[in-house]
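Single-structure report; data block below.
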Amino acid sequence: MAKSASTSYGFGRIIDLILAIIPFTNILLGIIKRVQKGHLIAAVLNFFLAPIFWIIDLVCVILYDKLVFAI
């Protein structure tokens, strides 16, 4: 079987979009995704600058279906 393309949070495109719209889940999943990638400073910044990261992550999920700016 072919491997499916990776999406921003690892779910389907529609589920990722729904989770990105909800601020709490977007911040939580954004922190988890950045820690998994090994970007600890970005995860800490995501916690403290949550509104900015929420908007950036939402735009990235809508346009690119992945977290482009995962720092």
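Values quoted throughout were computed directly from the atomic coordinates according to the rules given, and no laboratory measurement underlies them. Keep in mind it's a predicted model, so treat the numbers as computed, not measured. Here Cβ is always computed from backbone atoms with ideal geometry, including for glycine, and neighbour counts include all displayed protein chains.
Counting only other residues whose beta carbon sits under 14 Å from that of residue 25, what net charge do I get with K and R as +1, D and E as -1?
Numbers: positive: 33; negative: 16, 57.
So the surrounding residues net to -1.
If you split all Cα-Cα distances of region 13-63 into 10 Å bins from zero, what percentages do you get per bin, shortest first?
Computed distribution, short to long bins: 30, 57, 13.
What is the order of 57, 65, 16, fewest Cβ neighbours within 10 Å to most? The partial results should precede the final answer.
On the way: 57 25, 65 15, 16 21.
Ascending number of Cβ neighbours within 10 Å: 65, 16, 57.
Pick from 31, 55, 15: which is most flexible by mean-square fluctuation in a GNM of the chain where alpha carbon atoms under 10 Å apart are linked?
15
Along Cα→Cβ, 7 Å out, is where each label goes; now give me the distance between the ones at residue 65 and residue 13 in nm to one decimal.
Result: 0.4 nm between the two label points.
Starting with the fewest neighbours, write out 18, 56 ranked by other beta-carbon atoms found within 10 Å of each beta-carbon. Don't jump to the answer; show the numbers that get you there.
Numbers: 18 13, 56 18.
So the ranking, lowest neighbour count to highest, is 18, 56.
Give the residue list of trypsin sites (Lys or Arg not before Pro) in region 4-64 that are DSSP loop and have at most 15 other beta-carbon atoms within 10 angstrom. Mind showing how you got there, number by number?
Working: sites: 13, 33, 34, 37; in loops: 37.
Filter output for region 4-64: 37.
Rounded to the nearest 500, what is the chain's calculated 222 nm mean residue ellipticity when only DSSP H runs of at least 4 contribute -39500 (n - 2.57) each, over all residues? Walk me through the numbers before you get to the answer.
Details: 4 runs with 46 residues, N = 71.
Computed mean residue ellipticity for the chain: -20000 deg cm²/dmol.
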